[in-house]
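Q: Sending over a structure as structure tokens; questions will come in a sec.
The values are calculated or read from the model by the stated rules, or taken from the named source; none is laboratory data. None of the values given here were measured: they were computed from a predicted structure. When we count neighbours, we look across all protein chains shown, and the Cβ atoms used for this are built from the backbone with ideal geometry, even at glycine.
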Amino acid sequence: MGKRICVYCSSSNILDKKYLEAADSFAEAASSHNWAIVCGGSRKGLMGIIIDKMLESGGDVMGVMPAFMKEVEFEHERLENMLFVDSMARRKELLRENTDAVVALPGGIGTIEEFIETYTLKRLGLYDGAVIILNLNGFFDPLLKMFQHLVYEKMLNRNWSDSLIIVNSVDELTHAIQNTSPQRLEPVHYAPC
């Protein structure tokens, strides 16, 4: 059985073509490697593209969505493997449950918030999978600069990048996922030094 990958990404329909192409290429790679994808289940943006490609290629894809989003028609209408939950917090728990890796593709506040929570859990020794960001065309550079600023201000341990995999292309992302294995960090990793 292939790996199970949680994907955080944009659900915006007005994105630059390079982001759409990256999402499509990643879903194609995931399907060809027999990886299962779990995501937010939206029909829009990068999420919709990933779901479409996975369904088109017969891949294993699951969506997890708070019920209130169904009411505003965010759900992907062709995705049969969809779980509706009562809160955003429960959604995030189920998205990363039993996954080998969490991948953040370019996205907005929701993507960043989901990534930060999982990255924090990784550093606390509460998530064993890999945490990976696709820094396509430097998309996440401002966030990474913020982390460096936090180190400078002694708010973040200098080892922050030891628990984060940063890749710049879909090929690098695919390679990183292929070569990941579960690793639990000791909570001391989180402590300031």
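Q: Identify, please: which residue in the stretch 173-185 is surrounded by 15 or more Cβ atoms within 10 Å (Cβ to Cβ) and out of contact with any Asp or Glu (no Cβ under 9 Å at 6 or more places or on another chain) and is, among those, farthest from L124 (Cα to Cα)?
A: In the first step, residues of the stretch 173-185 are kept if they are surrounded by 15 or more Cβ atoms within 10 Å (Cβ to Cβ); the result is 173-174, 176-177, 180, 185.
Now restrict to residues that are out of contact with any Asp or Glu (no Cβ under 9 Å at 6 or more places or on another chain): 173-174, 176.
Numbers: L173: 24, T174: 26, A176: 22 Å.
Step by step, filter the stretch 173-185, then rank; the result is T174.
Q: Consider the stretch 157-187. How many of its residues are of a type in the set (S, T, Y), touching a strand residue (DSSP E or B) at 6+ places or on another chain (Cβ under 7 Å) and farther than 18 Å from F140 by Cα?
A: Restricting attention to the stretch 157-187, the residues satisfying the condition of being of a type in the set (S, T, Y) are 161, 163, 169, 174, 180-181.
Narrowing further to those that are touching a strand residue (DSSP E or B) at 6+ places or on another chain (Cβ under 7 Å): 163, 180.
Narrowing further to those that are farther than 18 Å from F140 by Cα: 180.
Here the count works out to 1.
Q: Is it the case that the stretch 178-190 has a residue that's under 18 Å from A104 (Cβ atoms) and aromatic (F, W, Y)?
A: Checked against the condition, which is being under 18 Å from A104 (Cβ atoms) and aromatic (F, W, Y), the stretch 178-190 yields no hits at all.
Q: Another question about this same structure. For the stretch 131-170, which positions are in a helix (DSSP H, G or I), under 21 Å from the mean Cα position of the chain (by Cα), surrounded by 12 or more Cβ atoms within 10 Å (Cβ to Cβ) and in contact (Cβ under 8 Å) with a residue 24 or more places away in the chain?
A: Within the stretch 131-170, L136, N137, L143, W160, S163, V170 meet the criteria.
Q: Return the pairs, sorted by first residue and then second, in which the second residue is crowded, with 23+ Cβ neighbours inside 10 Å, the first residue lies in the stretch 103-115 and is of a type in the set (D, E, K, R), the beta carbons are less than 7 Å apart, and the residues are 6+ apart or on different chains.
A: Close Cβ pairs (under 7 Å, with a partner that is crowded, with 23+ Cβ neighbours inside 10 Å) amount to E114/Y8.
Each row is one residue, and each column tells you yes or no for (1) at pLDDT below 95; (2) acidic (D, E).
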{"residue": "N135", "(1), (2)": "no, no"}
{"residue": "F140", "(1), (2)": "no, no"}
{"residue": "Y152", "(1), (2)": "yes, no"}
{"residue": "N159", "(1), (2)": "yes, no"}
{"residue": "D162", "(1), (2)": "yes, yes"}
{"residue": "I166", "(1), (2)": "no, no"}
{"residue": "V170", "(1), (2)": "no, no"}
{"residue": "L173", "(1), (2)": "no, no"}
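Q: What's the number of the only condition in (1) part of a helix (DSSP H, G or I); (2) touching a Cys at 6+ places or on another chain (Cβ under 8 Å) that E114 fails to meet?
A: Status for E114: all satisfied but (2).
Q: Of everything in the stretch 67-100, what is among the β-branched types (V, I, T) and surrounded by 12 or more Cβ atoms within 10 Å (Cβ to Cβ)? Give them in sequence order.
A: Filtering the stretch 67-100 down to residues among the β-branched types (V, I, T) leaves 72, 85, 99.
Answer for the stretch 67-100, where residues must be among the β-branched types (V, I, T) and surrounded by 12 or more Cβ atoms within 10 Å (Cβ to Cβ): V85, T99.
Yes/no matrix, rows are residues, columns are (1) surrounded by fewer than 21 Cβ atoms within 10 Å (Cβ to Cβ); (2) under 11 Å from L79 (Cβ atoms); (3) touching a Ser or Thr at 6+ places or on another chain (Cβ under 6 Å); (4) modelled with pLDDT under 95:
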{"residue": "A22", "(1), (2), (3), (4)": "no, no, no, no"}
{"residue": "S25", "(1), (2), (3), (4)": "yes, no, no, no"}
{"residue": "A29", "(1), (2), (3), (4)": "yes, no, yes, no"}
{"residue": "W35", "(1), (2), (3), (4)": "no, no, no, no"}
{"residue": "G41", "(1), (2), (3), (4)": "no, yes, no, yes"}
{"residue": "K44", "(1), (2), (3), (4)": "yes, no, yes, yes"}
{"residue": "K53", "(1), (2), (3), (4)": "no, no, no, no"}
{"residue": "M65", "(1), (2), (3), (4)": "no, yes, no, yes"}
